[in-house]
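Here's the structure, in structure tokens; my notes come after.
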Amino acid sequence: MPPVLKEYCTGCGTCSLICPTDVFSRELNHKVPKVLYPDECWHCDSCVLDCPVEKGGQKAIELRVPLQLQLLWIDPGVEKQSHYDIIGDHLGTHPDTDWQMPPE
Amino acid sequence: MIEIDNNPIECDVLIGGGGIAGLMAAIGAARVGARVVIAEKAHAHRSGAGATGNDHFLCYIPEKHGNDMEPILKELLQSQIGGFHDIPLARKFLEQSYDRVRDWHKWGIDMTPNGDWSFCGHAYPGRPRIWLKYAGNNQKKVLNFTARKHRVQIVNFLPLTDVLIENNRVVGALGLDITTETPRLRVIRTHAVVLAGGSALRLYPSPAPSLMFNTAWCPACTGNTQASAWRAGAKLVNMEFPNLHAGVKYTERAGKATFIGVITRPDGTPLGPFITKANRWVGDITADVWNSVFDDVMKSGEGPAYMDCTKTEPQDIDYMMWGFAEEGNTMLVKEMAREKVDLARHRLEFMQYQPFLIGRGPEINLDGETSISGLFAAGDAVGNFRADIAGAATFGHIAGESAAKRAARAGAFSNAADNAMVAERARHFSAFLERSEGAHWRECNYLVQQIMKDYANAEVRSKTLLEAGLKYLGDARRRAMDTVACANAHELMRMAEVINRRSAAMG
């Protein structure tokens, strides 16, 4: 569901007009657009960049990036060390990998 | 039957696509007095590969590079985009590139964000740098405004499906009007067409297989230029050479040269011979010259390969993050912030993506014209020249000017609406719309991707594989025509894309 509209969207229609992949309904009379084709989102951020409504530094639309696009990263080579023992329990020594193994 | 608007648009020059090449072609044509219409699939304000920005523009600036252009030409031809150039085109491009840089600067795109013309990225240590760093986040806004100032008429939500040809000469084009739920066909009468539809994406699977629109270049660019030029009888070149790009793992994005870092093994040692520490002027060119590095280390077991910016100076990290935003990678910047990925501390894995068609397509001459009289092409879809955004800007402008001159010599408009292609398209599209049940356009698109990945991949290409793939694409075409159902204008537009993508694949 990539673009998510906030409750304070004014229905100006900008996002639905400019989306390069036409994922929104183009509504009349200031109705809030519907995200008709969420899986056709390019995640280009155009809708967010062009949204004219802002509340507390937050636009009335934001992208929710799907889990499949998780960024894959590791620590620098010099800090490289195993944060897990061989049976998969976490050692909890590093803030970036401080998470709990789910129970079996 | 699908409605055909019986009120055709008339113009001297028609541009297919309102991206960088299309807008610059329109401005080029309007500057020499033509009445210009741009037909754009989405909305020209944010469409095409340059929708949200760019930050590097290949050009030759004599006051910086010296009066001898040859070293810059040599650098261009040896760069990662230099493989398939007709050299006279590359020369003409370099000669005019500075004019376009100055145009953009004058119109309001900041081409000197460092205070002077400055070149960085995609550079070999100790050799001339040819990519001008610029701040292009507003480029489409500025070019749209400038086109309108030149009285260019921009018709949004009107993707072109076909060029209409009579006696080996362009007489018009056919557009699919998707303004409302109910699609209509629209004929455009014109003397010259500049096809500027960009590259062909979604031809091969995404690195995140479930997300078809996760592409580095704009996923709405689907080979319309290559396909409609091919159907019009224009000569296409270099289509058989796959083009591969690399970047952030799974999140397919362009702009790997904006990263100021070193490509490393998991233990932090560099994979390439060029640098051990990057700065804003010279990054790691390893992936440009060893295109398959990311894939090779996965296959050899030495991988994965990482982009390592952890030794980069803090001010260059800031410069890099600013560069991402200017080139339109704000999604990546925001996602790194959300996920607390800090490039000063963390290394991002990179990968090689599946191929797409860029710099492969219609062959153009020095005027930007294809082998069909009155049919021009510009931008990423051109087959015998490539310089990405700078190429789109410079040869777009050239094609627009030439098209306008061609139009000025033309006589009366042909009717165009009675062209056999109009009736044929109407029949195809009506069949899709009239079926209440049937295959979805996605099924066809995924099938094309499967066939391309197995029979026309980048690693193994042989006569027997390609012939088999071509046969299967032909079967896929027949079955799609007989079974696909489209519920509305959006779905029909997507299906028309699949048809073009398949044509581009077969071409």
Would a scan of the range B:357-375 turn up a residue that is under 19 Å from residue B:258 (Cβ atoms) and in contact (Cβ under 8 Å) with a residue 12 or more places away in the chain? yes
Take the residues of the range B:157-213 that are touching a Cys at 6+ places or on another chain (Cβ under 7 Å) and part of a loop (DSSP other than H, G, I, E, B): which is surrounded by the most Cβ atoms within 10 Å (Cβ to Cβ)? B:197
The range B:228-250 - residue that is assigned to a strand (DSSP E or B) and of a type outside the set (S, T, N, Q) and, of those, nearest to the other protein chains (Cβ to nearest Cβ): B:248
What about residue B:482, is it in a helix (DSSP H, G or I) and among the acidic types (Asp, Glu)? yes
Would you confirm whether or not the range B:439-452 contains a residue that is away from chain A (no Cβ under 14 Å), surrounded by fewer than 17 Cβ atoms within 10 Å (Cβ to Cβ) and within 23 Å of the chain's Cα centre (by Cα)? yes
Any chance you could count how many residues in the range B:313-346 are of a type in the set (S, T, N, Q) and more than 11 Å from chain A (Cβ to nearest Cβ)? 1
Quickly run through the range B:312-357 and pick out the residues that are farther than 18 Å from residue B:121 by Cβ and assigned to a loop (DSSP other than H, G, I, E, B). B:339, B:340, B:341, B:342, B:344, B:345, B:346, B:353, B:354, B:355
Residues of the range B:426-448 that turn out to be of a type outside the set (Gly, Ala, Ser), in contact with a helix residue (DSSP H, G or I) (Cβ under 9 Å, 6 or more places away or on another chain) and assigned to a helix (DSSP H, G or I), as a count: 11
Anything in the range B:254-264 that is part of a loop (DSSP other than H, G, I, E, B), crowded, with 23+ Cβ neighbours inside 10 Å and within 14 Å of another protein chain (Cβ to nearest Cβ)? List them, or say none. B:259, B:261
In this structure, is residue B:19 within 14 Å of chain A (Cβ to nearest Cβ) and either of a type in the set (Val, Ile, Thr) or in contact with an Asp or Glu (Cβ under 7 Å, 6 or more places away or on another chain) (or both)? no
State the number of residues belonging to the range B:289-311 that are farther than 16 Å from residue B:245 by Cα and outside any helix (DSSP H, G or I). 8
Sort out which residues of the range A:26-51 are at pLDDT 95 or above, in a loop (DSSP other than H, G, I, E, B) and facing chain B (nearest Cβ under 9 Å), and write them in order of number. A:36, A:37, A:41, A:42, A:43, A:44, A:45
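The values are calculated or read from the model by the stated rules, or taken from the named source; none is laboratory data. Not measured: the values here are computed from a predicted model. Cβ sites come from the backbone with ideal geometry, for glycine too, and all protein chains shown count toward neighbours.
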